[in-house]
Amino acid sequence: MNFDWGVLGAPLAAGLIVSAMHVPLGRRVLERGIIFIDLTIAQVAALGAVLGELWHFSESGWASHLPDAIAAFVAAGLLAWTAKRLPDVQEAIIGTLYVVAASAAVLAVAHNPHGGEHLEELLSGQILWVAQGEVIAAGLVFAPLLAAWALWGRTREVAFYFLFAIAVVASVRVIGVFLVFATLILPALAAHGLSGRRGLALGYAVAATGYGLGLWLSVPLDLPAGPLIVCTLAALTLGTALSRKFLKASR
């Protein structure tokens with residue numbers, strides 16, 4: 001089966017644009033040892049989205065993302081503060097914040113007949129149905145984010161957390177919470193131990209292959225694209241790690 005660019009082109013472009021920012025971010029997260037910060041901020045942003053819809057904040061447009069952004073920025077500010085003041089329990093705080101945000105989201109949609117479906121969409125994502133306009137909007141957001149990351153994100157603690165929050169907010173509604181986490185961490189794991197351009201290049205290769213293969217397989221298998229891309233990325237990460245270990249041992 002050929003890759004249907006008419007159907008899968010926009011979702012693939014969205015995945016590649018998100019990966020352009022998330023792969024270097026994920027490498028930095030792995031270096032810092034705060035693995036679940038991405039999942040936590042993504043879940044907090046999802047909670048913001050749920051509350052925004054519950055309160056009928058805005059039906060469409062950029063204003064509809066304001067609750068997500070506010071929630072994510074509050075979480076980023078809190079975690080930036082605890083990283084300095086309470087570094088010994090930072091991972092515990094990150095985990096606790098995730099559980100509280102996830103539980104609050106479940107409670108928020110408890111009396112909404114379509115709440116469970118909406119929450120599942122935020123977790124699994126709807127990347128297969130991403131529109132061309134959303135791809136362009138993502139590009140306009142992530143291009144300056146990449147520039148800001150190159151200037152400040154790698155060296156300034158507060159900048160790291162807030163750039164991280166913006167990247168997560170910009171991607172959660174497009175690819176979902178699970179795929180945000182997978183795109184940040186799995187390519188970084190695949191390239192773990194490689195420094196500089198080699199590590200970044202391998203991370204990008206794993207991300208691009210995972211998105212392309214996962215989207216391509218989702219059509220004939222009739223499976224949700226988001227979760228399938230997550231599993232594809234995981235399989236590629238495992239295969240890459242084993243291949244690198246075998247090559248290293250054979251030298």
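The values are calculated or read from the model by the stated rules, or taken from the named source; none is laboratory data. Values in this document were obtained by computation on a predicted structure and should not be read as measured data. As a convention, Cβ positions derive from the backbone with ideal geometry for all residues, glycine included, and neighbour counts pool all protein chains shown. Heavy atoms of the whole protein, side chains included, go into the accessibility calculation; ligands, DNA and RNA do not. Shrake-Rupley method; radii C 1.70, N 1.55, O 1.52, S 1.80 Å.
Taking the conditions exactly as written (open to solvent by less than 20 Å² (accessible area, probe 1.4 Å) and more than 11 Å from the chain's Cα centre (by Cα)), does Val23 satisfy them or not? For Val23, the condition - open to solvent by less than 20 Å² (accessible area, probe 1.4 Å) and more than 11 Å from the chain's Cα centre (by Cα) - is not met. Gly115 fulfils the conditions (1) surrounded by 14 or more Cβ atoms within 10 Å (Cβ to Cβ); (2) at pLDDT 85 or above except for a single criterion, (2).
For the stretch 152-167, the condition of being in a helix (DSSP H, G or I) and more than 23 Å from Trp81 (Cα to Cα) holds for none of the residues.
Can you say whether Pro11 is open to solvent by 10 Å² or more (accessible area, probe 1.4 Å) and of a type outside the set (Asp, Glu), as far as the supplied structure shows?
On the way: open to solvent by 10 Å² or more (accessible area, probe 1.4 Å): no; of a type outside the set (Asp, Glu): yes.
Considered against the rule, which asks whether it is open to solvent by 10 Å² or more (accessible area, probe 1.4 Å) and of a type outside the set (Asp, Glu), Pro11 comes out as no.
Residues considered: Val89, Val99. Of these, the only one that is assigned to a helix (DSSP H, G or I), modelled with pLDDT of 90 or more and of a type in the set (A, V, I, L, M) is Val99. Scanning the stretch 197-239 for residues being over 16 Å from Pro187 (Cα atoms) and of a type in the set (Ser, Thr, Tyr) gives a total of 1.
For Phe36, the stated conditions hold: it is open to solvent by 40 Å² or more (accessible area, probe 1.4 Å), among the aromatic types (Phe, Trp, Tyr) and within 16 Å of Phe181 (Cα to Cα).
Any residue that is of a type in the set (Phe, Trp, Tyr), under 26 Å from Gly77 (Cβ atoms) and modelled with pLDDT under 85 - is there at least one of those in the stretch 5-16? Checking the stretch 5-16: not a single residue is of a type in the set (Phe, Trp, Tyr), under 26 Å from Gly77 (Cβ atoms) and modelled with pLDDT under 85.
One line per residue, one yes/no per condition, for (1) open to solvent by less than 50 Å² (accessible area, probe 1.4 Å); (2) of a type outside the set (Phe, Trp, Tyr); (3) touching an Asp or Glu at 6+ places or on another chain (Cβ under 7 Å):
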| site | (1), (2), (3) |
| --- | --- |
| Trp129 | no, no, no |
| Phe142 | yes, no, no |
| Leu145 | yes, yes, no |
| Trp149 | yes, no, no |
| Glu157 | no, yes, no |
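Count of the stretch 204-237 residues, restricted to those that are farther than 13 Å from Ala182 by Cβ, of a type outside the set (Val, Ile, Thr) and part of a helix (DSSP H, G or I), is 11. Looking for whichever is open to solvent by 20 Å² or more (accessible area, probe 1.4 Å) and touching a residue at least 12 places away in the same chain (Cβ under 8 Å) here; the options are Leu215, Leu223, Leu238, Leu228. Which one fits? None of the others qualify; the one that does is Leu228. Of the residues making up the stretch 168-193, those that are crowded, with 24+ Cβ neighbours inside 10 Å, more than 10 Å from the chain's Cα centre (by Cα) and in a helix (DSSP H, G or I) are Leu186, Pro187, Ala188, Ala190. Against the condition open to solvent by 60 Å² or more (accessible area, probe 1.4 Å) and modelled with pLDDT of 90 or more, how does Ala205 come out, does it pass? It is false that Ala205 is open to solvent by 60 Å² or more (accessible area, probe 1.4 Å) and modelled with pLDDT of 90 or more.
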